[in-house]
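Chemist: Following this message is one structure expressed as structure tokens.
The values are calculated or read from the model by the stated rules, or taken from the named source; none is laboratory data. Note that the structure is a prediction, hence the values are computed from the model and not measured. Positions of Cβ are generated from backbone atoms using ideal geometry, with glycine treated the same way; all protein chains shown enter the neighbour counts. Quick note on the areas: whole protein, heavy atoms, side chains included, nothing else; ligands and nucleic acids left out. Shrake-Rupley method; radii C 1.70, N 1.55, O 1.52, S 1.80 Å.
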Amino acid sequence: GCLALMKSALDTMAQWCRPATWVKGPRLIEISITVQRVGNVDTLLETCEAFLLIDAYWLPSEAELAADGKGGSSWDCVSNFQPVNATEVTKLELRKPLVLKKVANQPGYKGPTLIKWHAMLDIHGKFKQQFALRAFPLDCQSLRLRLEMGNVKAMRYIPVEQQEVLVSVERELCPLTGWSWVAASINFTQTDPCLSEQSNSYAQMVIEFHLARQWMPYLWRVVLFTFLLMVSSTLVYVMDPIEECPDRLSFSFTLLLTSVAFQFTIHSMIPAVPYMTLLEKYVLSSVVMIFFVALWSALVNGAHSISQENASVFYKWLDKNAGLLHLTLLASGHTAGLIYCVRERRRQLELLRAPSCNAPAKNIQVKRSSHVHTCVSSNDGNMHSDQFTSLERTLSVVKAASAAALL
């Protein structure tokens, strides 16, 4: 009995001291990332450039451990790291040969010795992005890099166990001109099974870089000049609305042409998007305001020319009050705009710092049973008789209308 007890204890100790190995089930790929470069953020092409150094760890099988790693790993590291949103991949290779490495345990860990495969993978490329630029230049953006590997039933991404830091960004090597770093995050998720014909879900890792645009250059280069043009438009009220109307119109249209020419100058600074950005709305408002000032001068002079001779005093009084109203609207509009800009910037930062959802977005699907057409094929590929009759009636009406139009 004592010998059996001692043998059982020795077997337990041997099993405890034996390194852990992968037997079956999905391989758990532990990930830590060093971001060596992020730059060339192009809002026109919606791309960014990123250089990643990925440290990957995974357990070897018993055969791989017995061979001391001489035959390599059965899991291919390079082919299972696919940057799915990359428009151009300039480098995807191992920096060092694949090795078995004894991993340092975390404090308080009392399990067996951990020996894992260690791979250092370089990924360089350009990644497609989706920018929301309605609040430009007060916008904040999240750059997303998506890496994908095989079926989640065979392999999964997980955070590295022996390290506290999962993502490290070398900011000195990231030439982000015009942007400020806010934070970075990493999500381990999986794809929508509806994307696959076999209804498979694939392991996915999403790395996000949260950036805030530097708005001060646009304030001094665009907003200040546009504001001065708006203020200058109020100087027309210094001139007499009756006797100096040609000078008022000449001054107003000079400001208008200057504002239009300035828009061509700043065209390269504004992203080309199919909607109006906040900065474009402000510049456009200055053009509209200067045009209405010129229109007002013409209306006052025209109304005076068709009125009685002693009506000039009234029109001068009306023009004076219009000038005061113009100044009031200009001051109140800029005050309200300033409050809106401060709130919008805070909202953008709050959205940037909000935790993102790890679950993949569901696909938009249109099912046969819920999508109603005039003519829908049945499961056997034949057209229903009532739908066919409805289609014939529609064609008959179209033909009759065409014949009537020809007659």
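Chemist: From the list E208, E243, which one is closer than 21 Å to R146 by Cα and of a type in the set (D, E, K, R)? Walk me through how you get there before you give the answer.
Modeler: On the way: E243 fails: closer than 21 Å to R146 by Cα.
Of the residues listed, the single one that is closer than 21 Å to R146 by Cα and of a type in the set (D, E, K, R) is E208.
Chemist: If D240 meets every condition in (1) open to solvent by 70 Å² or more (accessible area, probe 1.4 Å); (2) of a type in the set (D, E, K, R); (3) farther than 21 Å from R353 by Cα apart from one, which number is that one?
Modeler: (1)
Chemist: Would you check if there is a residue in the range 135-157 being over 18 Å from the mean Cα position of the chain (by Cα) and without any contact (Cβ under 8 Å) to a residue 24 or more places away in the chain? Full working, then the answer.
Modeler: If we filter the range 135-157 for residues that are over 18 Å from the mean Cα position of the chain (by Cα), which is where we start, we get 148-157.
Next, from what is left, pick out any that are without any contact (Cβ under 8 Å) to a residue 24 or more places away in the chain: none.
No, because not a single residue in the range 135-157 is over 18 Å from the mean Cα position of the chain (by Cα) and without any contact (Cβ under 8 Å) to a residue 24 or more places away in the chain.
Matching residues to (1) at negative phi; (2) surrounded by 11 or more Cβ atoms within 10 Å (Cβ to Cβ); (3) without any contact (Cβ under 8 Å) to a residue 12 or more places away in the chain:
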| position | (1), (2), (3) |
| --- | --- |
| F291 | yes, yes, no |
| W296 | yes, yes, no |
| V300 | yes, yes, no |
| A303 | yes, yes, no |
| L325 | yes, no, yes |
| L329 | yes, yes, yes |
| S332 | yes, no, yes |
| L338 | yes, no, yes |
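Chemist: Tally time: how many residues in the range 118-165 are at pLDDT 90 or above and more than 22 Å from P83 (Cβ to Cβ)?
Modeler: Total meeting the criteria: 9.
Chemist: What number of residues in the range 269-279 are without any contact (Cβ under 8 Å) to a residue 60 or more places away in the chain and within 16 Å of W220 (Cα to Cα)?
Modeler: Total satisfying the criteria: 1.
Chemist: Name the residue that is surrounded by the most Cβ atoms within 10 Å (Cβ to Cβ), counting only residues in the range 67-94 that are part of a loop (DSSP other than H, G, I, E, B) and charged (D, E, K, R). Reasoning before the result, please.
Modeler: Of all residues in the range 67-94, those part of a loop (DSSP other than H, G, I, E, B) come to 67-81, 84-85.
Cutting the leftovers down to charged (D, E, K, R) gives us 68, 70, 76.
Details: D68: 10, K70: 8, D76: 12.
Checking each candidate, the answer is D76.
Chemist: Related question: So is T374 open to solvent by 60 Å² or more (accessible area, probe 1.4 Å) and modelled with pLDDT of 70 or more or not?
Modeler: Details: open to solvent by 60 Å² or more (accessible area, probe 1.4 Å): yes; modelled with pLDDT of 70 or more: no.
Here the answer is no, as T374 does not meet what is asked.
Chemist: Buried (at least 17 other Cβ atoms within 10 Å of the Cβ), part of a helix (DSSP H, G or I) and at pLDDT 85 or above: does that describe L211? Please lay out each step first, then the result.
Modeler: Working: buried (at least 17 other Cβ atoms within 10 Å of the Cβ): yes; part of a helix (DSSP H, G or I): no; at pLDDT 85 or above: yes.
When the stated conditions are applied, L211 does not pass them.
Chemist: Among what's in the range 167-207 and is buried (at least 17 other Cβ atoms within 10 Å of the Cβ) and in a loop (DSSP other than H, G, I, E, B), pick the residue that is modelled with the lowest pLDDT.
Modeler: Result: C174.
Chemist: In the range 229-262, what residues are among the hydroxyl-bearing types (S, T, Y) and in contact (Cβ under 8 Å) with a residue 24 or more places away in the chain?
Modeler: Restricting attention to the range 229-262, the residues satisfying the condition of being among the hydroxyl-bearing types (S, T, Y) are 232-234, 237, 250, 252, 254, 258-259.
Listed by number, the residues that qualify are S233, T234, Y237, S252, T258, S259.
Chemist: Testing T234 on (1) outside any helix (DSSP H, G or I); (2) polar (S, T, N, Q); (3) touching a Gly at 6+ places or on another chain (Cβ under 7 Å), one condition comes back false. Which one is that?
Modeler: That leaves (1) as the condition not met.
Chemist: What single numbered condition from (1) assigned to a loop (DSSP other than H, G, I, E, B); (2) in contact (Cβ under 8 Å) with a residue 60 or more places away in the chain; (3) not charged (D, E, K, R) fails to hold for C48?
Modeler: (1)
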